[in-house]
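What follows draws every value from the coordinates through simple rules; no lab data is involved. All values derive from a computational prediction rather than experimental measurement. Cβ atoms come from the backbone with ideal geometry, glycine included; neighbour counts cover every protein chain shown.
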Amino acid sequence: MSKSNFTRRGLLKTGAVSGAGLALPTIFTSAASAFTNEPTGGTVTLGFNVPQTGPYADEGLDELRAQELAVEHLNGMGDGGMLNTFSSQALEGNGILGKKVQFVTGDTQTKSDAARASAKSMIEKDGVTMINGGSSSGVAIAVQGLCQEAGIIFMAGLTHSNDTTGKDRKANGFRHFFNGYMSGAALGPVLKNAYGTDRRAYHLTADYTWGWTQQESIQASTEAIGWETVNNVLTPVGAGDFSSYITPVLNSGADVLILNHYGGDMVNSLTQAVQFGLRDAQANGKDFEIVVPLYSELMAAGAGENIKGVYGSMNWNWQLSDAGTQAFVKSFGEKYGRPPSNSAHTCYVQTLLYADAVTRAGSFNPCAVAEALEGFEFDGLGNGPTLYRAEDHQCFKDVLVMKGAENPTTEYDTLEIVEQTPVEQVMYEPNHPMFGGDEASLGECNDGA
Amino acid sequence: MKMLGLSNKDTRFLLIVIALTLLTPIILQPFPEGSSLAQFNAGYPDLMQRFAIFGIFAIGFNILFGLTGYLSFGHAAFLGVGSYSVVWMYKLLGYNVVPGILLAIVVSGLFALLIGFISLRRSGIYFSILTLAFAQMSYNLAYSVLTPLTNGETGLQVYTNDAQVLMGAGAPNSPHFFGIVMNESSKLNLGGWEFTFNNGYYFCAIVAILVFYLSLRIFRSPFGLMLRAIKTNQTRLNYTGLNARPYTLAAFVISGMYAGLAGALMASMDPLAGAERMQWTASGEVVLMTILGGAGTLMGPILGAGFIKYFENIFSKINDQVLHGWFAFLPDGLENFIIGVSHFFVGKSWHLTLGLLFMLVVIFLPGGLVEGGQRIARAFRNRKSKDDGAQARTQPAE
Amino acid sequence: MDAIILQILNGLDKGSAYALIALGLTLIFGTLGVVNFAHGALFMIGAFVAVTLQRIFGLSYEEVDPDKTDFLGNPLVVDKPYVEKWFGADFGAWLIDWSVPLAIIAAIPVMLIVGFVMERGLIKHFYKRPHADQILVTFGLAIVLQELIKYFFGANPIQTGAPDAFAGSMDFGVLLGFDPNVIIYPYWRLVYFLFAALVIGGVFAFLQFTTFGMVVRAGMADRETVGLLGINIDKRFTLMFGLAAAVAGVAGVMYTPILAPNYHMGMDFLVLSFVVVVVGGMGSLPGAVAAGFLLGILQSFASMNEIKSLIPGIDQVIIYLVAILILLTRPRGLLGRAGVMED
């Protein structure tokens, strides 16, 4: 009989019974409430839209774990996690604005259409005020657009394309995760120290928008440290066998291979590049090197030994030593028996940030919430001092440069932190050309009224 | 009663379909809001729209596959083309859906004419692979090289700086039909029930009824008879001096236009067109819908479409929290056991349930869901005739 | 020149994978007349036999290492494989290292059983059903199989490496008189190519030179007549199905070091394998093999930068483009027989 009454349905039951007594038809249109899905009872429902089938299902599962944990902490259960270290102390562990937090889940299938269908059902059927999660930029941009049209808040999960807060930025959408430009800006100096300024890079890039924006960013930052770009080859998504793209690399005059791939593509291209002997090769009198700009724990697990010594970047890692990280890793680890991934972290933080913004605004109205998030400066959530920039709804914080560990002791420390790149180094102007330039605009906030 | 050139039986059938379609928002909302079974309610706008849209897609597919037996594995290409056409019309003209839908039908028709003309030079599996190849090429190019036209992975959408030349000052800022905004709904609260009557759903529903009527006419027409003859024995048809190709090509183009219309309606409900709409999995989905429901029957494809979309949208949302809510009355040990077993079938494992049901239906109901419906109807009729003679006949699905 | 030789090698390698999958598929599809959408799943199960064996060899007991700590700060629990305890550290480590090749020994019986059960339990009842029903039931089965694998192994790719002895690359170019380090090729991919050639040769020899093969070939050509001769063709078809499953399975086992297996790898190969079989021509084993290698090599060439810069995106569509051209010029694919799956 544990956790009875834990569902939204259970709580609605009481309301329904009293409503049934009246039995009088009341017709109203959606415009009658002050804004979309204004919570009226004693609860508020959040939507967690993550991939549960398809290649990123495991990542989605980890996001879901973190989101459930966040709801627990918001409702005052468990040890409170990062609520205790969060610089804003508006949240008291009694839900949001005194309303108990409920959640619904959905499957994005990592397809824009399915993700939007799932998000729509959350908005139309379950009455959510915010949607959080996801594991791909295409999905994030699609769902962000939907939330903008519907008049609720979108707190992006893992999305690394510059476009999410660049040319596709939306007034109702917010991203805590870092992006391709930041990866490039953080990696540049580290690569310069490790491999020198006289290098020739060969890019293999996943042939879709995320791949292109990341490649553009990395090329810019490596050329800024004096590297030359030999070639950029676009590879089909899900190619599986990358041999025909890898074999030309060694005889191309390049001495660094940059893999702008994510997920299974990265696992395969890196594994195969290592099999083709690129790690052992010499080119231009130097050791040949491989760089994977965007890392995730699951990719590292999938690639196994092949990532040893390979540089990349991350939004956050459980091995950080600040108080927020420690509190989060402790409560996540005790509940699930494993350290959280960086996509789990970003979803947890986004949920907390949303709840906090609602509390500070004193309203669930998405426009009020957006205003509370814009320009918000906070600390204690694992990334150090962070700014939610008003102009593009992108978080600015330190970026982690990672490296595949040479001697991992467990399956969880296969990546080690090389450097915490300070936020100043990864800052850019809101109208940066890689982010849609002057044309990019958030548009008007929409509360659905 | 006879109307619109239909027989008695068909008229009654059409009326039933119309009634069911119009009452969908009520029929799909059988459980009161507060009850724990409300999870199974499907009467929210997005899913109802999908039922109608995929119903149209499957009805059209059935005109080709059900009548001629030609199994196309590339119909998703037309779906995608339809969606892209509509979103481009939004970008260029404005949010009224009419120009886009008309363009979508024309463009998908032309596209189908081209692909059909080439693919129909072969039959059987060779035809299927040709259509598959065309659709996969369209998908791969739309996802990558054709990004300027399709916006690639992100999906084609409207930006604030788009031209939208026909957009008046007061025009709605989302898809509408001469001012009737698609995403607006009226809600009716009746006791514990809440019914949502959505403009977009009714727009799709009316279109679906029209194209259903059209397919009914095609099935009953000499043209439909000719198509069935092609399925039965094309060689014999050739001996009679008839060239079957123009007929099959006509069926291919018509069903391509249905797919284009379905794609257009998808973009009319939700102004975004993604490339994965053209992937082989989407083509395969409509094949599955048609076979699952009952290929060659009028009602089957619609049932199949509803079945698959229902599982995709309802079962995938049943998570641990919901399960705990349902089984909370049980002792903890039993509760955890049941929830453990349920993990195989709901939430992230909803695919498994769907796969099992595919197998069960095809093993036990060789004619698809329609056959299931007919069996129930027959059983019902038998009992009824025992009860009170032969009174009103229950309408079989076809 | 070296670039072209490298792409030919890549093409042969891709081609061997395509040919192996298509070979099994065409045994079922072109000869038993069953559209088997679960064939990709058989390939995937083969790969997971390798993963399972690696897991079994890796089964460990826990030992606390007091000097190290885990992520929560508790003393670290180190896993020690049982095989190293039972068989000594050296042999145990060798077993773990060689789990992929050893998995072939396990995969053959496993896949035969899977094939038999599938045929007897399900497919047998669908020989006389329309192709549409076969598609639906095998597609359903494929989903069920892959979801079960997902349930136990997760969705993330699982690294299943080749033995260390094959880990590096071979300087292939030196053999052909090139400078050193111009054409280097991974040992495992060469092994894969040789292995594929061996399996393909074996299947052909089996069908060509054994009585069993003769009967099956006769059964393909005219099932009823063979039945009238008093030969139980059904039993042989069951064995045939098992053989096809085994070919798909071992292809999957050997492919794991090249492509880290995940639960949906079967679906990823499904469409491609149908294209290969049909381009090869229905009912023709040599056709399927030829088409596999042809498409593999053409795909590799289309991926060359020189060609990609000429026609952007050609590597994404080459397979389908070639399929269309071949099917339009040769009505039954490369070597197809008349009357098989044409209606």
Helix axis angle, A:323-336 relative to chain A longest principal axis, alpha carbon, degrees: 80
Within the protein assembly as shown: Cβ-based charge dipole about Cα centre, in debye rounded to nearest 20 (Lys, Arg +1; Asp, Glu -1): 6040
Percent antiparallel among DSSP beta bridges (both partners in chain A, rounded to 5): 35
Under the span-like rule (Cα at least 20 Å along the axis, Kyte-Doolittle mean at least 1.0), DSSP H helices of chain C: C:2-26, C:39-58, C:99-121, C:131-153, C:187-209, C:233-255, C:265-280, C:285-302, C:314-329
The stretch B:282-340: C-alpha gyration tensor shape, a/c 1.5 cut-off, then a/b vs b/c: prolate
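Count, for each residue of B:343-354, the Cβ atoms from other chains sitting within 10 Å of its Cβ, then give me the mean as a whole number. The partial results should precede the final answer.
Values: counts 1, 3, 1, 0, 5, 14, 6, 4, 10, 9, 3, 4.
Mean partner-chain Cβ count within 10 Å for B:343-354: 5.
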Exposure proxy order (Cβ contacts within 10 Å, fewest to most) of A:Ser313, A:Ser441: A:Ser441, A:Ser313
Prolate/oblate/rounded call for the stretch A:190-291, Cα gyration tensor, a/c under 1.5 rounded: oblate
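Please arrange C:Asp70, A:Asp168 by counting, for each residue, the other beta carbons lying within 10 Å of its beta carbon, fewest first.
Working: C:Asp70 17, A:Asp168 24.
Ordered from fewest to most neighbouring Cβ atoms within 10 Å, C:Asp70, A:Asp168 come out as C:Asp70, A:Asp168.
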Set of lysines near A:Lys308 by C-alpha distance (under 20 Å), chain-local residues within fewer than 8 positions excluded: A:Lys192, A:Lys286, A:Lys403
Cα gyration tensor category, rounded, prolate or oblate, for the stretch B:168-225 with a/c compared to 1.5: oblate
Among A:Tyr388, A:Met82, A:Thr359 - extreme Cα towards positive end, dipole of chain A, charges at beta-carbon: A:Thr359
The stretch B:120-184 and the stretch C:24-55: distance between their alpha carbon centers, rounded to Å: 36
DSSP bridge pairs, chain B: antiparallel proportion in percent, nearest 5: 90
Cys with no candidate disulfide partner in the protein assembly as shown (beta-carbon separation under 4.7 Å rule): A:Cys147, A:Cys347, A:Cys395, B:Cys204
Cα-centred dipole magnitude for the stretch A:23-154, charges only on beta-carbon of K, R (+1) and D, E (-1), debye, nearest 20: 340
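Just to be sure I understand the rule: take each whole DSSP H helix in chain B, project its Cα atoms onto its long axis, keep it if the span is 30 Å or more and its mean Kyte-Doolittle hydropathy is at least 1.6. Which ones pass? Don't skip to the answer; put the middle values down first.
Numbers: long enough: B:45-68 (34 Å, 1.27); B:97-119 (32 Å, 2.55); B:199-220 (32 Å, 1.37); B:245-269 (36 Å, 1.09).
Helices passing the filter in chain B: B:97-119.
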Whichever lysines have a C-alpha closer than 18 Å to that of C:Lys150, once near sequence neighbours (fewer than 8 apart) are set aside: B:Lys348
Between 0 and 90°, nearest 10: helix A:57-74 axis offset from chain A longest Cα axis: 40
B:Ile209, B:Ile101 arranged by Cβ crowding within 10 Å, fewest neighbours leading: B:Ile209, B:Ile101
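Suppose a student asked you for the relative contact order of chain C, using Cα pairs under 8 Å spaced at least 6 residues apart; what percent would you report?
Details: 531 pairs, mean separation 117.3, N = 343.
Worked out over chain C, it gives 34 percent.
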Furthest towards positive pole of dipole, B:Ser144, B:Ile59, B:Gly241, structure part the stretch B:44-279, Cβ charges: B:Gly241
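Kindly work out what percent of the DSSP beta bridges joining two residues of the protein assembly as shown are antiparallel, to the nearest 5.
Around 50 percent antiparallel, to the nearest 5.
What is the dipole size for chain B, taken about its Cα centre, with +1 at each Lys and Arg Cβ and -1 at each Asp and Glu Cβ, in debye to the nearest 20? Before the final figure, lay out the partial values.
Details: 25 positive and 18 negative charges, 371 e Å.
With Lys and Arg at +1 and Asp and Glu at -1, about 1780 debye.
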Pairwise centroid distance, computed over Cα atoms, of the stretch A:150-206 with the stretch C:88-167, Å: 38
Aspartates and glutamates whose Cα lies under 13 Å from that of A:Lys100, excluding same-chain neighbours fewer than 8 positions away: A:Glu72, A:Glu92
Cα-based helix-to-principal-axis angle, A:180-195 vs chain A, degrees rounded to 10: 30
The stretch B:44-279: relative contact order as a whole-number percent, Cα under 8 Å and 6+ apart: 43
Residue among B:Ala275, B:Thr196, B:Thr131 farthest towards the positive dipole end of the stretch B:44-279, charges placed on Cβ: B:Thr131
